[in-house]
1. May I ask you to verify whether L249 is touching a residue at least 24 places away in the same chain (Cβ under 8 Å) and touching a Cys at 6+ places or on another chain (Cβ under 9 Å)?
2. Assess whether E232 counts as being surrounded by 15 or more Cβ atoms within 10 Å (Cβ to Cβ), at pLDDT 95 or above and more than 17 Å from A58 (Cα to Cα).
3. So H197 passes all but one of these: (1) more than 21 Å from W253 (Cα to Cα); (2) within 17 Å of the chain's Cα centre (by Cα); (3) buried (at least 17 other Cβ atoms within 10 Å of the Cβ). Which condition number does it fail?
4. Any chance you could count how many residues in region 257-278 are more than 30 Å from S191 (Cβ to Cβ) and of a type in the set (V, I, T)?
5. For region 153-175, give me the residue count where each residue is crowded, with 18+ Cβ neighbours inside 10 Å and in contact with a strand residue (DSSP E or B) (Cβ under 8 Å, 6 or more places away or on another chain).
6. Which pairs do you get when a residue that is closer than 18 Å to R212 by Cβ, found in region 256-273, comes within reach of a residue that is at pLDDT 95 or above and hydroxyl-bearing (S, T, Y), reach meaning Cβ atoms under 6 angstrom, with the pair 6+ apart or on two chains?
7. Would you mind telling me which numbered condition in (1) of a type in the set (A, V, I, L, M); (2) under 21 Å from C269 (Cα atoms); (3) part of a loop (DSSP other than H, G, I, E, B); (4) at pLDDT below 95 A135 fails?
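The values are calculated or read from the model by the stated rules, or taken from the named source; none is laboratory data. From a predicted model like this one, the values you see are computed outputs, not experimental measurements. In this analysis, Cβ positions are derived from the backbone assuming ideal geometry, glycine residues included, and neighbour counts consider all displayed protein chains.
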Amino acid sequence: MPGSTNSPDAAAPVHIDTTKASIARVYDAFLNGKDNYEVDREVLRRVQSVAPEAAQLAVDNRGFLIRATRFVASQTGITQYLDCGSGLPTAENTHQVAQRIQPDARVVYVDNDPVVLAHGRALLEENDQTHFSAADIFNPAEILNDDVVRRHLDFSEPIALFQMGTLHHYDGERPPSDIMREYVEALPSGSYVGLTHFFDPETEQHSRLSRRMEEMFLHSPMGTGVFRTRTEIEGMLPGLDLVSPGLVLCADWWPDGPRVKPLDEVSYCIVGAVGRKP
């Protein structure tokens with residue numbers, strides 16, 4: 001959001017446009033939350049018309065975030081996180097997972113949705129290791145030079161950068177791979193990057209489903225939601241050493257236990273990876 005870069009943590013826009021769907025509020029609707037409007041629920045209904053279990057996309061994305069954060073906090077020693085497009089609070093946010101393992105972990109959330117920032121102000125009052133900034137996550141230079149980011153994160157030490165469920169909603173002219181390259185180049189050696197993205201598996205069954213969902217997203221009140229191929233998504237992880245098992249279905253990235261029931265069809269249409277910068 002223009003003009004927001006140098007604002008203090010607690011500053012947030014107050015106008016909420018309920019005529020246009022919001023990414024954060026749509027995900028909240030997918031997760032059966034209460035911080036959404038009719039225009040957001042309309043997106044959910046449209047996607048469910050072609051994939052009744054579409055809410056599983058948000059569940060898989062959130063599960064990946066939790067497991068990736070737990071991995072970074074428990075295995076890497078990193079105690080600072082830059083979470084881009086944080087979304088609305090739900091169970092087990094990045095700071096809760098990280099601080100349970102590393103109590104001194106610092107998290108900077110970046111999101112320019114007014115509803116998200118309203119929740120962020122409340123969170124700031126109860127957790128002094130957690131900070132918010134209203135900025136455009138698709139403009140790396142704005143984020144990397146943001147006062148809040150620079151005040152609370154030390155770029156001489158490894159950082160965990162998260163872009164979970166964000167880049168498939170980018171609708172600008174710059175290639176997403178270029179956006180991620182700029183972020184990765186700015187990170188210190190030893191940093192980790194976590195990313196999830198809507199996925200076209202390029203198989204007859206699931207590619208057809210992914211394209212139908214994409215059409216519903218793109219022609220919904222939200223207007224964004226691109227399902228990219230493996231090659232396209234791999235291009236968003238430039239120069240990173242991917243943590244095993246690499247770029248896989250979100251549901252297959254270190255699940256919490258053995259699978260005893262089949263995956264929903266939509267689970268084949270969202271992937272994630274965690275990579276380390278050498």
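1. On the way: touching a residue at least 24 places away in the same chain (Cβ under 8 Å): yes; touching a Cys at 6+ places or on another chain (Cβ under 9 Å): yes.
Yes.
2. yes
3. Unmet condition: (1).
4. 2
5. The total comes to 12.
6. If the second residue must be at pLDDT 95 or above and hydroxyl-bearing (S, T, Y), the pairs left are C269/S210.
7. Here A135 meets the rest and fails (2).
A quick yes/no check of all residues on (1) in contact (Cβ under 8 Å) with a residue 60 or more places away in the chain; (2) in contact with a strand residue (DSSP E or B) (Cβ under 7 Å, 6 or more places away or on another chain):
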site	(1), (2)
V43	yes, no
S49	yes, no
A54	yes, no
Y81	yes, yes
V97	no, no
I137	no, yes
